[in-house]
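Visitor: Take a look at this one; I'll ask things after.
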Amino acid sequence: MKRAFICVKKILFLVFTFTLSLSADMITIHNKSPKTIYVAPYYEKNKTAADRCGDIYTIAAGVSVSFERPARKFWYDRELFFSFSQKDLKEKLSYDAIERMQSQNVGLLKGKNFYIAEIDFELKGFDAAEWHVVRPLFLAGKRLTKELLFPIQEIIKRKLPILKNSFRYRSARVRHGNKLCSQEINYLRARKPIVKNSIETVLKQQISSNAVPTIAVVASGGGVRAMLATFGFLVGLKKIGLLDAITYICSLSGSTWAVAPWIVSGWPIEDIRVALIPELELGLGKINLQDIKLMTDVLLTKFAFNQPITVTDFFGLLLANSLLRGFGNERYRVYLSDQMKNLKEGQLPFPIYTAVRAEEGADPLWYEFTPYEIGGAWLGYYVPTWAFGRRFVKGLSQDNAPEQTLGFFMALFGSVFAATFNQMYQKIADQIPVDIARKIIEGILKEVGEKRLTAARVFNFTYGLLQSPIGTNKYMDMADAGTAFNLPYPPISGRRAGRRADIIIFLDASKKQVSKLNALKGAQEYARKYMLPFPPISYTDIDKKSVTVFKDVNRADVPVVIYMPLVKNEQLITKYLNTGEFADLKSDVEPFDLETCLQSTCDTFNFKYNQKQATQLSALTEFNMRANKMILYDVISFSVRTKEQMQTH
């Protein structure tokens with residue numbers, strides 16, 4: 001009987017203890033960071049998903065808040081998630097959000113006091129034992145590691161030739177507001193007489209300065225196919241006398257691989273096309289020992305300044321190796337800001353490159369990149385291009401890191417095309433001369449595995465700026481803008497004062513019919529969302545015609561849209577190709593089977609083209625542009641008349 005009584009007591013004790021473990025008790029959160037933070041309890045399952053199970057608490061710097069610990073729930077961990085932004089603490093968190101955010105387990109065994117501090121620009125959580133014992137040891141170890149690495153980094157900073165950058169000793173300040181920068185305004189003043197002269201030449205008439213239309217080329221993505229198609233369109237514009245009539249050229253993904261080398265070289269557009277086509281014979285695989293040494297220098301530079309290194313950097317090195325080969329051994333030290341020298345007198349169209357925001361769960365908002373500055377209309381902040389990638393706090397640069405290379409930017413703009421790098425790396429690993437560089441590379445490849453590159457990561461230049469919508473983020477994640485829609489219309493949409501086009505020439509090298517329609521629809525929807533003028537569009541058969549014009553004759557403020565897809569139109573070929581004007585293109589255009597090419601060589605993810613294939617594809621878009629010259633002249637004449645009429649009213 002006594003034994004049975006003891007057994008019952010044990011059972012009751014266990015039940016009582018178990019019941020207590022299921023019930024809630026009070027926990028206290030201490031904010032040891034210098035800023036206001038937001039915290040919320042969640043039930044998390046296997047690090048794959050989390051559901052919020054309580055209120056979101058706002059905790060000012062140096063303040064403590066107490067609330068009930070979540071009751072125990074079978075198969076779930078009780079986690080406290082925290083952030084500088086309340087928006088991050090959604091009802092449900094996905095796997096990507098859990099990976100990106102910081103959290104602290106607040107189960108019964110962790111105690112009742114929890115501490116949140118900012119370490120290296122990021123929030124970290126600690127229980128009482130970690131705060132009083134582990135954290136001091138962690139900080140001591142971190143200081144020791146820093147002390148060991150610092151001499152290595154300083155040696156790299158002094159020795160590497162890549163650091164010989166003209167902006168190295170300049171501090172940078174972030175600019176607030178969406179007005180155009182002074183350098184772009186000066187460019188527009190210099191470009192306008194050139195545009196005016198070009199239009200007067202093709203129209204064979206004098207026009208007033210106030211009647212000069214702003215013409216923007218908007219070129220799509222599509223990998224090397226888009227690069228070659230863009231070359232053809234631009235050469236065609238030059239041969240019909242209109243390249244000098246273009247004020248802006250906006251590019252995305254693959255088309256940036258045509259525009260960026262052209263603008264930075266300053267070569268005639270037809271010459272840069274001839275120079276780059278042979279580079280496509282081996283895709284991106286033409287690498288020797290000297291190339292690897294120069295590539296290693298680039299990676300070590302970023303390491304020296306503690307900048308994030310991702311697969312984007314590898315992709316950029318490969319792009320620079322092929323597309324900037326004309327610069328010889330300097331090709332890895334070519335910069336986006338180098339394009340300024342070829343814009344100073346307004347001698348070339350003003351290039352605007354694009355990417356979109358890529359943080360998990362964020363809308364794909366558009367960033368724009370020019371040789372002068374980088375930012376976005378939605379962000380409202382801009383940083384000098386030569387300082388992009390530096391560490392910033394409250395609008396001021398905290399180091400003198402050199403500019404990101406043009407290769408890096410081309411990879412960022414076309415990041416959707418980065419394939420897996422493990423296989424390539426295994427072929428060249430033994431040739432990398434610096435052991436620390438090998439460790440950097442292998443660490444990155446281990447982390448990304450066989451995944452495609454989806455985003456580039458840089459320090460957030462608006463970090464610490466209270467008015468910035470991302471001011472609490474340590475990093476900016478950016479991706480190929482084609483993941484939003486495949487025509488980079490936003491920069492010249494008029495959303496920024498002073499940059500509204502009167503004529504927009506959309507050059508669409510999208511592969512499939514649905515992709516072409518979605519690209520133009522994306523631009524139209526963007527205009528509708530932000531209440532920007534845009535003409536009505538009829539999508540019937542526009543992917544089959546070499547050119548379609550859309551305008552609103554009743555509204556002078558609506559831009560004229562010229563849509564030119566990648567297409568081989570047999571009616572146009574029959575009408576013009578056999579005339580003497582196109583004798584130089586006939587041997588390439590006539591035998592070219594575009595539909596077959598789109599299913600093989602011209603596929604979006606193919607980087608290898610032989611000279612014949614590349615020349616034929618580019619010749620087709622050149623032909624389409626030249627054969628439709630009278631339509632373009634008529635549109636420009638219409639725009640001039642419209643602007644003249646506006647001046648008289």
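Visitor: Within region 324-346, how many residues are over 16 Å from Ser166 (Cβ atoms) and either in contact with a Gly (Cβ under 8 Å, 6 or more places away or on another chain) or among the β-branched types (Val, Ile, Thr) (or both)?
Guide: 3
Visitor: Filtering region 537-566 down to residues that are in a loop (DSSP other than H, G, I, E, B) and touching a Leu at 6+ places or on another chain (Cβ under 6 Å), which residue is nearest to Lys629 (Cα to Cα)? Break it down into steps so the answer makes sense when it comes.
Guide: We begin by selecting, within region 537-566, every residue in a loop (DSSP other than H, G, I, E, B); these are 537-547, 551-559, 566.
From what's left, touching a Leu at 6+ places or on another chain (Cβ under 6 Å): 539, 546.
Values: Tyr539: 22, Ser546: 12 Å.
The residue in question is Ser546.
Visitor: Being of a type in the set (D, E, K, R) and outside any strand (DSSP E or B) is the filter; apply it to region 102-118 and report the residue that is nearest to Thr28 (Cα to Cα). Step through it out loud before you land on a result.
Guide: First, pick out the residues of region 102-118 that are of a type in the set (D, E, K, R): 110, 112, 118.
Applying the additional criterion that residues be outside any strand (DSSP E or B) yields 110, 112.
Values: Lys110: 12, Lys112: 6 Å.
Among those residues, the one meeting the criterion is Lys112.
Visitor: Which of (1) surrounded by fewer than 24 Cβ atoms within 10 Å (Cβ to Cβ); (2) over 26 Å from His176 (Cβ atoms) is the odd one out, the single condition Ala377 does not satisfy?
Guide: (2)
Visitor: Shifting gears a bit: Show the residue pairs meeting these rules: Cβ distance below 9 Å; 6+ apart or different chains; first residue within region 52-64 and over 14 Å from Asp88 (Cβ atoms); second residue part of a strand (DSSP E or B) and among the basic types (Lys, Arg).
Guide: So the pair list comes out as Cys53/Arg78.
Visitor: Further, regarding this structure: Within region 224-256, can you find the residues that are more than 21 Å from Ser639 (Cα to Cα) and of a type in the set (Val, Ile, Thr)?
Guide: Hits for region 224-256 are Val224, Thr230, Val235, Thr256.
Visitor: Okay, next question. Return the residues of region 491-524 that are part of a helix (DSSP H, G or I) and within 19 Å of Pro565 (Cα to Cα); say none if nothing qualifies.
Guide: Those that are part of a helix (DSSP H, G or I) and within 19 Å of Pro565 (Cα to Cα): Gln513, Val514, Ser515, Lys516, Leu517, Asn518, Ala519, Leu520, Lys521, Gly522, Ala523, Gln524.
Visitor: Oh, and also: Every residue in region 482-505 that is modelled with pLDDT of 95 or more and of a type in the set (A, V, I, L, M, F, W, C), please.
Guide: Leu487, Ile492, Ala501, Ile503, Ile504, Ile505
Visitor: Show the residue pairs that are 6+ apart or on different chains and have beta-carbon atoms under 7 Å apart, the first residue being within region 365-385 and of a type in the set (Asp, Glu), the second being not in a strand (DSSP E or B).
Guide: Close Cβ pairs (under 7 Å, with a partner that is not in a strand (DSSP E or B)) amount to Glu368/Gly376; Glu368/Pro491; Glu373/Cys181; Glu373/Thr385.
Visitor: Identify, from the list Tyr526, Tyr539, the residue that is without any contact (Cβ under 8 Å) to a residue 60 or more places away in the chain and either among the β-branched types (Val, Ile, Thr) or touching a Ser or Thr at 6+ places or on another chain (Cβ under 9 Å) (or both). Can you show your working first?
Guide: Numbers: Tyr539 fails: either among the β-branched types (Val, Ile, Thr) or touching a Ser or Thr at 6+ places or on another chain (Cβ under 9 Å) (or both).
Unique residue meeting the criteria: Tyr526.
Visitor: Further question: Would you point out which residue out of Thr214, Thr201, Thr256, Thr247 is of a type in the set (Ser, Thr, Tyr) and either within 24 Å of Gln616 (Cα to Cα) or modelled with pLDDT under 95 (or both)?
Guide: Values: Thr214 fails: either within 24 Å of Gln616 (Cα to Cα) or modelled with pLDDT under 95 (or both); Thr201 fails: either within 24 Å of Gln616 (Cα to Cα) or modelled with pLDDT under 95 (or both); Thr247 fails: either within 24 Å of Gln616 (Cα to Cα) or modelled with pLDDT under 95 (or both).
Matching residue, one of Thr214, Thr201, Thr256, Thr247: Thr256.
Visitor: Quick one: in region 280-315, of everything that is buried (at least 19 other Cβ atoms within 10 Å of the Cβ) and within 22 Å of Asn610 (Cα to Cα), which residue is modelled with the highest pLDDT?
Guide: Only one residue tops the list, namely Leu280.
Visitor: For region 576-584, state whether one or more residues are aliphatic (A, V, I, L, M), in contact (Cβ under 8 Å) with a residue 40 or more places away in the chain and not in a helix (DSSP H, G or I). First the steps, then the outcome.
Guide: Quick first cut of region 576-584, residues aliphatic (A, V, I, L, M) only: 577, 583.
This time we only want the ones that are in contact (Cβ under 8 Å) with a residue 40 or more places away in the chain, so: 577.
Then keep just the ones that are not in a helix (DSSP H, G or I); that gives 577.
For region 576-584, residues aliphatic (A, V, I, L, M), in contact (Cβ under 8 Å) with a residue 40 or more places away in the chain and not in a helix (DSSP H, G or I): present.
Visitor: Do we have Gln347 as of a type outside the set (A, V, I, L, M) and part of a loop (DSSP other than H, G, I, E, B) here? It would help to see each step written out before you state the result.
Guide: Values: of a type outside the set (A, V, I, L, M): yes; part of a loop (DSSP other than H, G, I, E, B): yes.
Here the answer is yes, as Gln347 does meet what is asked.
Visitor: Give the number of residues within region 64-93 that are part of a loop (DSSP other than H, G, I, E, B), within 23 Å of Tyr475 (Cα to Cα) and in contact with a Gly (Cβ under 7 Å, 6 or more places away or on another chain). Break it down into steps so the answer makes sense when it comes.
Guide: So the first thing to find is which residues in region 64-93 are part of a loop (DSSP other than H, G, I, E, B), and the list is 69-76, 84-85, 89-91.
Okay, now just the ones that are also within 23 Å of Tyr475 (Cα to Cα), so 84-85, 89-90.
Then keep just the ones that are in contact with a Gly (Cβ under 7 Å, 6 or more places away or on another chain); that gives none.
Total meeting the criteria: 0.
Visitor: Same structure, new question: Consider Pro491 carefully, then state whether it is touching a Cys at 6+ places or on another chain (Cβ under 6 Å) and touching a residue at least 40 places away in the same chain (Cβ under 8 Å).
Guide: Working: touching a Cys at 6+ places or on another chain (Cβ under 6 Å): yes; touching a residue at least 40 places away in the same chain (Cβ under 8 Å): yes.
Yes: the conditions hold for Pro491.
Visitor: Hey, another quick one. Please find, within region 615-642, the residue that is surrounded by the most Cβ atoms within 10 Å (Cβ to Cβ) out of those that are within 35 Å of the chain's Cα centre (by Cα) and of a type in the set (D, E, K, R).
Guide: Result: Glu622.
Visitor: Sort out which residues of region 552-579 are touching a Pro at 6+ places or on another chain (Cβ under 9 Å) and at pLDDT 95 or above, and write them in order of number. Steps first, answer last, please.
Guide: Restricting attention to region 552-579, the residues satisfying the condition of being touching a Pro at 6+ places or on another chain (Cβ under 9 Å) are 552, 555, 557-561.
Hits for region 552-579 are Val558, Pro559, Val560, Val561.
Visitor: Restricting to region 249-279, count the residues that are of a type in the set (Ser, Thr, Tyr), buried (at least 22 other Cβ atoms within 10 Å of the Cβ) and in a helix (DSSP H, G or I).
Guide: At the first step, the residues of region 249-279 found to be of a type in the set (Ser, Thr, Tyr) are 251, 253, 255-256, 265.
Then drop every residue that is not buried (at least 22 other Cβ atoms within 10 Å of the Cβ), which leaves 251, 253, 255-256.
Add one more test, that the residue is in a helix (DSSP H, G or I), and what stays is 253, 255-256.
Residues that pass the stated criteria total 3.
The values are calculated or read from the model by the stated rules, or taken from the named source; none is laboratory data. From a predicted model like this one, the values you see are computed outputs, not experimental measurements. Cβ: placed from backbone, ideal geometry, glycine included. Neighbour counts: every protein chain shown.
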